[in-house]
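I have placed the structure first, in the form of C-alpha cells, so that the comments after it can refer back to it.
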Amino acid sequence: MDNKLSMLNLAVIFISIPVLIASTYIPGVKGTIGVNYGRVANNLPHPVQAAHFLLHSTIINRVRLYDTNADTIKAFAHTGIAVTVNIPNNQISSLAKLSYAKEWLETNIVRHVPATNIVRILVGNEVVSTGDKLTVENLVPAMQAIHTALVGVSLDRLIKVSTPHSLGILLTSSPPSAGKFRPEYENQVLKQILDFLKATGSPFLINPYPFFGCSKDTLDYALFRTNSKVLDENTKLTYTNMLDAQLDAVHSALKLLHFDDIEIVIAETGWPSKGEPGQLGVDVDSAAEYNGKLMQHVSSGVGTPLMPNRTFETYIFGLFNENLKPGPTSERNFGLFQPDMTPVYDIVVGVPISPEPKPNSGKRWCLPKPEANDENLQKNIDYVCGLGIDCGPIKEGGACFYPDTVRAHAAYAMNAYYQTTAKNGYDCDFAQTAATTISNPNKRSFEMEEDLSITPYMSSDRVNDLANWLGLSVSAAFFASLERFSCVHLNTADTDDEDDDEGANENPLMLTILPSPSVSSSISASIPVTSLPV
C-alpha cells in the first residue's frame, strides 16, 4: 500500500465550494443514463475518440463494453465515466476456476484501476436462456470465482459482478403482477444467481426491448404514447407504457422468490432507426421517440406502478450503428450515432452549448518542484513561518495539517507567501525549489500520478471505497458539509517557469481533499466542483 501512497505528491491550497456539478442536460435526468458500446463494425472511430466524444459532447456518463479489450478500457481512463465490462459467453467455463479467474482479473481489470472507473463485471450475456447446459452450469461458479478474486485484491466493494438476462427467463409477464420465472431456470440457476447478488450487493440486470414485444396494436404502448393504457386487473394499477410492464413483471418474479429488494438495472434497451421496407415502427422518428422518452422516464423519479418513486440505471443500445452485425437490417441500426459521430436522429444527448471561455485570468499558484527534497522544503517552511505568515493551518490540529508531510506543508507555506507578496516570479523561487502554475483546477476530472484518478462523478460511497483501497484515510465528514472544506491537495508536477507561455501548461492538477476537523459526520450524496481563490 505504501507504493500507492508514494504516488501522491501534494500541495495545499484553500478552496471555496460554489456549485454542484450537473452532468445532465435533459431536465430530470440524474446521471443514470449509459450506453452500450458495441464494436461489430469496420468503420468506427478509435476508442480514444469515442471516449472523448462521450465525455465532452454528450450527457452519457456510463458505458458498457462487450469485452475487455485493453485499448478500449484504457481509452476511458481519467474520464470519470463508469465502465461496465462484459465477459463473452465462451469464456465462462474457464473462469469457473479460481486460479484462472485471478489471472484474468489481474490481466484485464487490476491493471486499469483506478485510472479507468470500472464499476461492474458482467459474466456473459443472456446465458440462462441460451440452453447451453455447460455454460449455464459454470455461470454461478464463474461469478463466484471472479468475486473471490476481487476480494483478494480489495476491489470487491468498488467492482460488482452480475450477469444480464433476457425477458425469456419469464414464464409469464402479463399482467405484470403475475410475473414469474420459468421453473426450469428458477430451479437450475436463477436462485443461485439471486443468492449471490444479494450476498454481494450486486444488481439484477435485464435486457427489456419493447420493440421486440410490440405489434400494430401495441406500438403506441411501446413508444410511451399517452393514448395507451393497460389495466392490471389483479392490482388495479394502470400502465401507460410497455417498459414499465416489463420491469414490473421482473419485479413480481423476484418478489415470488423473496428477492424483490435486489436492485434492477436495465442493461440493454433501444429502438432501431432503420429496418426492412415497410417494417412496422422502424424509422428514425420512432427511434427518437422511444429513446428520448426512455431517458426522461427512467430518470424522472416516477418509477413504475409496482416500484414507484425511483430511477433506473439504464443503458441504451447502442452508441454507434454497427455495419457488420449479422441478422436483419434493424440489427445494424440501433445506434444513437453514426460512425462519424453525427447523430442518427434529433435527440437531446448532447451537452448544452457553453459560452466561449474567457482568456486566462493570469492567476498563478506557487508549488514545490517535483525534484525538491524535504531538507530544502523544510527550510522554506521555516523561512515563511518566521516572517509572520500564518502557518497555523499546517500545525498539528490545524485544518491543513494532513497529510503530515514536509512537501504538503511546504506547498501551503510557499503558496501563502506568494499570495501575500507582489506575486513576482522571484517570490516563488525559493532557491529554485518552487515554480508557479497557471493551470485551472476546475476540471471535470482531477488526475493524480500513475494513472490515479478520483472524479466528481463518483458517489460518496465509491470515493470512500477507492480511498480505502489506496490506503488513504478519508473521513465520512469529508462528504458532509461541503461548504466547510479546508484544504485541497494538488500535485506539484504541473509547474512552469515564470517566463513560460501563459497558455502552454494545460494539464489538470491532481486532487485529494481533507475536511475541517469540526465538520459533521453525515455523508453527502455527491461531490462538487471546487474553485480556487486568488
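The values are calculated or read from the model by the stated rules, or taken from the named source; none is laboratory data. On a predicted model such as this, the values are computed, not experimentally measured, just so you know. Glycine also receives a Cβ, built like all others from the backbone with ideal geometry; neighbour counts cover every protein chain displayed.
Failed condition for Ser93, given (1) without any contact (Cβ under 8 Å) to a residue 40 or more places away in the chain; (2) surrounded by fewer than 22 Cβ atoms within 10 Å (Cβ to Cβ), with all others met? Among (1) without any contact (Cβ under 8 Å) to a residue 40 or more places away in the chain; (2) surrounded by fewer than 22 Cβ atoms within 10 Å (Cβ to Cβ), the lone unmet condition for Ser93 is (1).
A search for C-beta distances below 7 Å between a residue of region 111-123 that is hydroxyl-bearing (Ser, Thr, Tyr) and any residue that is part of a strand (DSSP E or B), counting only pairs 6+ apart in sequence or on different chains, returns Thr116/Val83.
For region 35-49, how many residues are outside any loop (DSSP other than H, G, I, E, B) and either surrounded by 15 or more Cβ atoms within 10 Å (Cβ to Cβ) or in contact with an Asp or Glu (Cβ under 7 Å, 6 or more places away or on another chain) (or both)?
Taking region 35-49 first, the residues outside any loop (DSSP other than H, G, I, E, B) are 35-37, 47-49.
Subsequent filtering for residues that are either surrounded by 15 or more Cβ atoms within 10 Å (Cβ to Cβ) or in contact with an Asp or Glu (Cβ under 7 Å, 6 or more places away or on another chain) (or both) retains 35-37, 47.
So the count comes out to 4.
Taking Thr148, is it surrounded by 23 or more Cβ atoms within 10 Å (Cβ to Cβ), over 30 Å from Thr235 (Cβ atoms), touching a Lys or Arg at 6+ places or on another chain (Cβ under 9 Å) and not small (Gly, Ala, Ser)?
Working: surrounded by 23 or more Cβ atoms within 10 Å (Cβ to Cβ): no; over 30 Å from Thr235 (Cβ atoms): yes; touching a Lys or Arg at 6+ places or on another chain (Cβ under 9 Å): yes; not small (Gly, Ala, Ser): yes.
Against the criterion (surrounded by 23 or more Cβ atoms within 10 Å (Cβ to Cβ), over 30 Å from Thr235 (Cβ atoms), touching a Lys or Arg at 6+ places or on another chain (Cβ under 9 Å) and not small (Gly, Ala, Ser)), Thr148 does not qualify.
At pLDDT 80 or above, assigned to a helix (DSSP H, G or I) and closer than 17 Å to Thr437 by Cβ: is that true of Ala413 in this structure? It is true that Ala413 is at pLDDT 80 or above, assigned to a helix (DSSP H, G or I) and closer than 17 Å to Thr437 by Cβ. For Ser361, the conditions (1) part of a loop (DSSP other than H, G, I, E, B); (2) modelled with pLDDT of 90 or more all hold with the exception of (2).
Kindly indicate whether Asp244 is surrounded by fewer than 18 Cβ atoms within 10 Å (Cβ to Cβ), within 18 Å of Asp220 (Cβ to Cβ) and of a type in the set (Asp, Glu). Answer is no for this residue. The set of residues from region 382-410 being under 38 Å from the mean Cα position of the chain (by Cα), in a helix (DSSP H, G or I) and surrounded by 20 or more Cβ atoms within 10 Å (Cβ to Cβ) comprises Ile394, Arg407, Ala408, His409, Ala410. Residues in region 234-276 that are farther than 19 Å from Val302 by Cβ, in contact (Cβ under 8 Å) with a residue 60 or more places away in the chain and not β-branched (Val, Ile, Thr): Ala253, Leu254, Leu256, Leu257, Phe259, Asp261, Ala267, Glu268, Gly270, Trp271, Pro272, Ser273.
For region 367-381, state whether one or more residues are modelled with pLDDT under 80, part of a loop (DSSP other than H, G, I, E, B) and surrounded by fewer than 16 Cβ atoms within 10 Å (Cβ to Cβ).
Of all residues in region 367-381, those modelled with pLDDT under 80 come to none.
The answer is no; no qualifying residue exists.
Every residue, every condition in (1) on the phi > 0 side of the Ramachandran plot; (2) in contact with a strand residue (DSSP E or B) (Cβ under 7 Å, 6 or more places away or on another chain); (3) not aromatic (Phe, Trp, Tyr), yes or no:
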site	(1), (2), (3)
Pro277	no, no, yes
Asp283	no, no, yes
Ser299	no, yes, yes
Phe320	no, yes, no
